[in-house]
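**Student:** I have a structure I would like to understand better, so I am pasting it below and will then ask my questions one at a time.
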Amino acid sequence: MLVVIGLPVLLTTLYLVVFAQPQFASQAGVTIRREEGGSASELMGGLGSLLSSPAQGNADLLFEYVQSQEIVERISNHFDLRAHYGQTWPWDPVYSIWPSATIEDLHSFWNRMVHITYNKSSGLMLAEVRARDPGSARDIARLIISESELMINRLNEAARSDATRNAEMDLQAALERLRRASEALASFRARTQIVDPQADLEVRMGVLNTLQQQLAEALVEHDMLIAQTTEQNDPRLRQLQRRVEVIRNRINAERNSFARVNATQDGIDYPGILARYESLRVDQTFAEATYQAAMAALDAARSNAARQTLYLEAFIQPSTAERADYPRTFVIITLTLAFATLVWSIMALVYYSLRDRG
């Protein structure tokens with residue numbers, strides 16, 4: 001019991017009381033907030049919301065960034081972490097780092113001195129920074145907030161640049177599509193020599209209706225003349241018969257023109273011309289709608305690029321400690337005693353079990 005329990009507790013107590021240097025903690029709280037209030041593009045169609053990155057995902061990125069090697073390197077450029085945490089080396093080797101430590105060693109030590117708590121449901125992040133004096137702990141916490149804000153700004157800038165570039169590429173593709181559709185429709189009109197087949201069809205139908213009306217009038221006159229005269233060789237009767245025959249031939253010619261091969265380079269009948277024209281008109285209408293949507297998306301991207309949509313808000317400013325809360329001497333000694341007692345109990349149980357079996 002003296003070796004397994006007493007010696008570890010004695011050594012731990014001796015180290016914490018004699019060698020371990022006091023550590024002061026500074027606490028800070030940050031969260032990522034999105035811009036409140038809808039922009040004009042969001043009110044028109046919600047395009048701005050599609051171009052903005054979710055704040056939740058950026059909060060996850062920030063949580064990983066604060067514990068990364070990159071932020072350690074950036075903070076080291078403003079605050080000498082090796083010199084600060086190595087000033088008690090080698091008298092306090094557990095809570096100190098050697099002056100010649102590599103960046104990987106400093107990163108590992110950083111994660112021991114900086115404790116991050118992140119609540120995914122609320123997006124709130126708390127950071128506790130330990131240092132040799134209250135001022136240094138507060139300065140390091142401020143640098144964490146500053147570097148985190150720069151990281152969020154870089155994400156904002158990258159998202160805005162990507163959104164604007166993609167919107168410009170989509171607009172260029174939509175413009176090219178509209179140009180091809182317009183050129184195809186213009187080429188079709190030049191080949192068929194018909195500006196609008198629908199209007200041309202209406203004109204032809206009007207001619208046919210007029211001929212049918214004239215035929216009806218001629219037939220009525222013919223029947224009335226037959227009723228009024230008994231002479232078969234009446235010149236007026238022969239004239240009306242010739243008129244009826246001419247109108248009927250004209251009507252048949254007009255009807256056949258709808259099915260005859262058109263006298264153009266296309267060599268297709270009139271229904272084929274109408275079908276081809278409608279297909280080209282649908283392509284042009286769809287290209288125009290795509291172009292208008294691409295213009296709206298580009299306007300939304302440029303509108304978002306002119307303002308910041310994500311903000312790093314420090315809801316708890318870095319605090320200045322008045323007493324050293326670390327290392328927690330009583331807690332560590334108690335845990336050492338409990339763990340050593342547990343190890344001794346297991347060893348005793350194993351020993352008596354083997355002895356009884358023997």
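The values are calculated or read from the model by the stated rules, or taken from the named source; none is laboratory data. Since the model is a prediction, treat every value here as computed from it, not as a measurement. Glycine gets a Cβ as well: all are built from the backbone with ideal geometry, and neighbour counts include every protein chain shown.
**Student:** Six or more apart or on different chains, Cβ atoms under 7 Å: show the pairs whose first residue is in the stretch 96-110 and closer than 13 Å to Gly86 by Cβ and whose second is assigned to a loop (DSSP other than H, G, I, E, B) and modelled with pLDDT under 90.
**Tutor:** Within 7 Å, the pairs are Ser96/Thr88; Ser96/Trp89; Ile97/Trp89; Trp98/Trp89; Pro99/Trp89.
**Student:** Select from the stretch 23-67 the residues that are farther than 30 Å from Gly86 by Cβ, part of a loop (DSSP other than H, G, I, E, B) and in contact with a strand residue (DSSP E or B) (Cβ under 8 Å, 6 or more places away or on another chain) and write down the one among them that is modelled with the highest pLDDT.
**Tutor:** Residue satisfying both the conditions and the ranking: Glu35.
**Student:** Could you identify the single residue in Arg355, Arg323 that is at pLDDT 90 or above and charged (D, E, K, R)?
**Tutor:** Arg323 is the lone residue from the list that is at pLDDT 90 or above and charged (D, E, K, R).
**Student:** Pairs only if they're at least six apart or on different chains, beta carbon under 7 angstrom, first in the stretch 312-329 and among the hydrophobic types (A, V, I, L, M, F, W, C), second in a loop (DSSP other than H, G, I, E, B); list them, first residue then second.
**Tutor:** Ala324/Pro22
**Student:** Scanning for something exposed (fewer than 11 other Cβ atoms within 10 Å of the Cβ), part of a helix (DSSP H, G or I) and at pLDDT below 75, does the stretch 182-198 turn up at least one residue?
**Tutor:** No.
**Student:** Just to be sure, is Glu202 assigned to a helix (DSSP H, G or I), modelled with pLDDT under 80, loosely packed, with under 13 Cβ neighbours inside 10 Å and in the same structural domain as Arg281 (by TED's automatic domain parsing)?
**Tutor:** Criteria met by Glu202.
**Student:** Of all residues being farther than 24 Å from Ala181 by Cα and surrounded by 13 or more Cβ atoms within 10 Å (Cβ to Cβ) in the stretch 256-281, which is modelled with the highest pLDDT? Just the residue, please.
**Tutor:** Result: Ser257.
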